[in-house]
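The values are calculated or read from the model by the stated rules, or taken from the named source; none is laboratory data. The structure presented is a predicted model; accordingly, all values stated were derived computationally and were not measured. Because the Cβ atoms are built from the backbone with ideal geometry, glycine has one as well, and the counts that use them run over all protein chains shown.
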Amino acid sequence: MDKKTPLHDEHEALGASLTGFGGWLMPLRYTSDLAEHRAVRAAAGLFDLSHMGEIWVRGTGAAAALDHALVGSAAAIAVGRAKYSMICAEDGAVLDDLIVYRTGDAEFLVVANAGNAPLVASELAERSAGFDAVVEDRSDETALIAVQGPQAEDIVAGLVAGDDVATVRSMKYYAASPVTLTLADGGTVTALAARTGYTGEDGFELFVPSSSAVALWRTLLAAGEPLGLVPAGLSARDSLRLEAGMPLYGHELDTTTTPYEAGLGRVVRLDKVGDFVGRAALESRRHSAPSRVLVGLRGLGKRPARAGYPVVAPGSGRPVGTVTSGAPSPTLGYPVAMAYVTPELSAEGTEVGVDVRGRTEPFVVVPLPFYRRPQH
Amino acid sequence: MAEFPAALRYTVEHEWVDTSSPAVVGVTSVAAEALGDVVYLELPAVGASVEAGTVIGEIESTKSVSELYSPVSGTVVEVNQAAIDDPAVVNADPFGAGWLFKVEVSSEGQLLTAEEYGQHTGH
């Protein structure tokens, strides 16, 4: 039985189609995948991400514990900043990809994917043994609402007062700070506001107690509507992150993958002091040639590739890889996909085929991301 | 919930066919909603013979793809080029402007009435 987020009744009232995802019942779309996708690119979208896991690590040894537990360097994160990281097994396999927020000298928030959150929480607890650190999984008490799109800053800044206005306006990408939001019902809620997202657009992610989720959701919908904000579901979220070349656990990342094949070797900090789980395996992996490489593919025809479809060598039809995510790109107007392919076919401009339900369609290797937002 | 046009007949795979000659074939509002925004249609060629209950094309949305089954056997005499050019019409008007192709019918497959289709889909 899938869990319901604190915003479940809001989604039903908005007429959302619901789908199971990572153990949660989530909005797939409210009206139209394409309209929601385009609203995020052009104005703003409102996402319920309360299925994500929120795990706090606190204590004077919290940074050291995370440096041991994760492949990145938590100690190097400044207070008020965030870092994309991963938790790996001893053999270097990716157990989850994470965002680590440093909210204090001795306090970190680790945000995990919904389906992996229980595993991440238990691994963090186990790996923190021996450090002065306490791990607390607050996923069930925490709601996460994201406002994503070029209008996001105006929408969020319009709901705060005093110094918080400047805090929101000047907040850097991958930074976070507590701000107090004025709710439409007259109350207030203090959120941890983070300038992070999974859409390729500017935007904020707001962590609030579950009890405030409905009031904040309604406030954001009402405040954002005049600026073009619409509620957006997982379908738009998936096509947005694919255009932005961002990996999705279970597709580009899983326990058969190390960060190196995924092109994310930069998150592994082999230069950090001390041992960490997976170090030995990742060190040797770093220096051996990968058997497969994650690439971006652009379709030259109309038929999109989908996750799981075989990538084949042009001409011979020999299997050379597998598509991990694929869709018709709403922004670009042609099919895009990410795929693991053998290294000799991973160079930009290489032509490959994708077996789309029995018929080979032409694709070409292109750099990721497919889409970059216009810079101002 | 949804009302299905009584003049049409339906398949369990969510196609509809009318009683004109040649017969017009499309997909139902249930299919259109389940798929999400349709972005690509692959329809049989004019002149192709189709057999009831077999796969004759594809209907693809941002999120998924599903196969098109012919509700009838016969020869395709026209395809909806406007829908191929702008498949959004399948979502906007699945029982009207979003029709897919026309068939000179030689025989019918297993078809449901609007009421039976409504029961089948739980509407």
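Here are A:Ala236, A:Ala244: which of them is more than 14 Å from chain B (Cβ to nearest Cβ), closer than 22 Å to A:Glu36 by Cβ and not charged (D, E, K, R)?
Being more than 14 Å from chain B (Cβ to nearest Cβ), closer than 22 Å to A:Glu36 by Cβ and not charged (D, E, K, R) holds for just one of A:Ala236, A:Ala244, which is A:Ala244.
Would you pick out the residues in segment B:93-110 that are at pLDDT 95 or above and under 14 Å from the mean Cα position of the chain (by Cα)?
Answer for segment B:93-110, where residues must be at pLDDT 95 or above and under 14 Å from the mean Cα position of the chain (by Cα): B:Asp93, B:Pro94, B:Phe95, B:Gly96, B:Ala97, B:Gly98, B:Trp99, B:Leu100, B:Phe101, B:Lys102, B:Val103.
When segment A:361-376 is examined, which residues are found to be away from chain B (no Cβ under 14 Å) and not aliphatic (A, V, I, L, M)?
Within segment A:361-376, A:Pro362, A:Phe363, A:Pro367, A:Pro369, A:Phe370, A:Tyr371, A:Arg372, A:Arg373, A:Pro374, A:Gln375, A:His376 meet the criteria.
Can A:Ala327 be described as modelled with pLDDT of 95 or more, buried (at least 18 other Cβ atoms within 10 Å of the Cβ) and within 14 Å of chain B (Cβ to nearest Cβ)?
Taking the combined requirement at face value, the residue satisfies it.
Given A:Ser239, A:Ser211, A:Ser235, which one is closer than 30 Å to A:Gly187 by Cβ and in a helix (DSSP H, G or I)?
Going through A:Ser239, A:Ser211, A:Ser235 in turn, the sole match is A:Ser211.
Given the options A:Gly250, A:Gly265, A:Gly301, A:Gly274, name the one that is surrounded by fewer than 21 Cβ atoms within 10 Å (Cβ to Cβ) and within 14 Å of chain B (Cβ to nearest Cβ).
Only one candidate qualifies: A:Gly301.
Which ones in segment A:17-54 are in contact with a Lys or Arg (Cβ under 7 Å, 6 or more places away or on another chain) and within 23 Å of A:Ser139 (Cβ to Cβ)?
Correct list: A:Gly23, A:Trp24, A:Leu25, A:Phe47, A:Glu54.
So, in segment A:204-217, how many residues would count as being buried (at least 16 other Cβ atoms within 10 Å of the Cβ) and more than 22 Å from A:Val79 (Cβ to Cβ)?
Going through segment A:204-217 one residue at a time, the tally reaches 7.
Restricting attention to segment A:42-67, and to residues there that are under 18 Å from A:Ser85 (Cα atoms) and among the small types (Gly, Ala, Ser), which single residue is nearest to the other protein chains (Cβ to nearest Cβ)?
Only one residue tops the list, namely A:Gly53.
Return the residues of segment A:342-360 that are crowded, with 19+ Cβ neighbours inside 10 Å and within 14 Å of another protein chain (Cβ to nearest Cβ); say none if nothing qualifies.
Once the filter is applied, which keeps residues that are crowded, with 19+ Cβ neighbours inside 10 Å and within 14 Å of another protein chain (Cβ to nearest Cβ), segment A:342-360 yields A:Val354, A:Val356.
Answer yes or no as to whether B:Leu100 is closer than 28 Å to A:Tyr309 by Cα, within 14 Å of another protein chain (Cβ to nearest Cβ) and surrounded by 14 or more Cβ atoms within 10 Å (Cβ to Cβ).
It is false that B:Leu100 is closer than 28 Å to A:Tyr309 by Cα, within 14 Å of another protein chain (Cβ to nearest Cβ) and surrounded by 14 or more Cβ atoms within 10 Å (Cβ to Cβ).
Taking segment B:67-90 as the search range and keeping residues that are over 19 Å from B:Thr11 (Cβ atoms), in contact (Cβ under 8 Å) with a residue 40 or more places away in the chain and within 14 Å of another protein chain (Cβ to nearest Cβ), which one is surrounded by the most Cβ atoms within 10 Å (Cβ to Cβ)?
B:Pro87
Under 8 Å between Cβ atoms, which residue pairs at least 6 apart in sequence (or on different chains) link something in segment A:270-287 that is more than 18 Å from A:Thr257 (Cβ to Cβ) with a partner that is part of a loop (DSSP other than H, G, I, E, B) and hydroxyl-bearing (Ser, Thr, Tyr)?
Here the result reads A:Lys272/A:Ser73, each pair linking segment A:270-287 to a residue that is part of a loop (DSSP other than H, G, I, E, B) and hydroxyl-bearing (Ser, Thr, Tyr).
In segment A:11-21, how many are within 14 Å of another protein chain (Cβ to nearest Cβ) and in a strand (DSSP E or B)?
Residues flagged as within 14 Å of another protein chain (Cβ to nearest Cβ) and in a strand (DSSP E or B) within segment A:11-21 amount to 4.
Of all strands (runs of 3 or more DSSP E) completely enclosed by segment A:95-201, which ones contain at least 2 residues that are modelled with pLDDT of 95 or more, over 26 Å from A:His68 (Cβ atoms) and among the small types (Gly, Ala, Ser)?
Filter on segment A:95-201 gives A:142-148, A:188-194.
If you take the residues of segment A:1-41 that are within 20 Å of the chain's Cα centre (by Cα) and among the small types (Gly, Ala, Ser), which of them is farthest from A:Ile87 (Cα to Cα)?
Among them, the one singled out is A:Ala39.
State yes or no: is A:Leu206 part of a helix (DSSP H, G or I) and at pLDDT 95 or above?
no
Name the single residue, out of those in segment A:22-34 being more than 8 Å from chain B (Cβ to nearest Cβ) and among the small types (Gly, Ala, Ser), that is farthest from A:Asp96 (Cα to Cα).
Per the criteria, the residue is A:Gly23.
Can you find a residue that is in a helix (DSSP H, G or I) and under 24 Å from A:Asp254 (Cβ atoms) anywhere in segment A:57-66?
So far as segment A:57-66 goes, yes, one or more of its residues are in a helix (DSSP H, G or I) and under 24 Å from A:Asp254 (Cβ atoms).
Name the single residue that is surrounded by the fewest Cβ atoms within 10 Å (Cβ to Cβ) among those in segment B:39-66 being more than 10 Å from every other protein chain (Cβ to nearest Cβ) and in contact with a helix residue (DSSP H, G or I) (Cβ under 8 Å, 6 or more places away or on another chain).
The qualifying residue surrounded by the fewest Cβ atoms within 10 Å (Cβ to Cβ) is B:Ser66.
Specify which of the listed residues (B:Thr11, B:Thr113) is exposed (fewer than 14 other Cβ atoms within 10 Å of the Cβ) and on the phi < 0 side of the Ramachandran plot.
After ruling out the rest, the residue left standing is B:Thr113.
Please count how many residues of segment A:78-90 are in contact with a Leu (Cβ under 9 Å, 6 or more places away or on another chain) and outside any strand (DSSP E or B).
Looking only at that region, the number is 1.
For a quick check of your reading of the model, give me the residue pairs whose first member lies in segment A:253-265 and is acidic (Asp, Glu) and modelled with pLDDT of 95 or more, whose second is buried (at least 16 other Cβ atoms within 10 Å of the Cβ) and not in a loop (DSSP other than H, G, I, E, B), with beta-carbon atoms closer than 6 Å and at least 6 apart or on different chains.
Taking only residues 6 or more apart or on different chains, not a single pair turns up.
Can you spot a residue in segment A:304-311 that is within 30 Å of A:Ala35 (Cβ to Cβ), without any contact (Cβ under 8 Å) to a residue 12 or more places away in the chain, surrounded by fewer than 20 Cβ atoms within 10 Å (Cβ to Cβ) and not β-branched (Val, Ile, Thr)?
no
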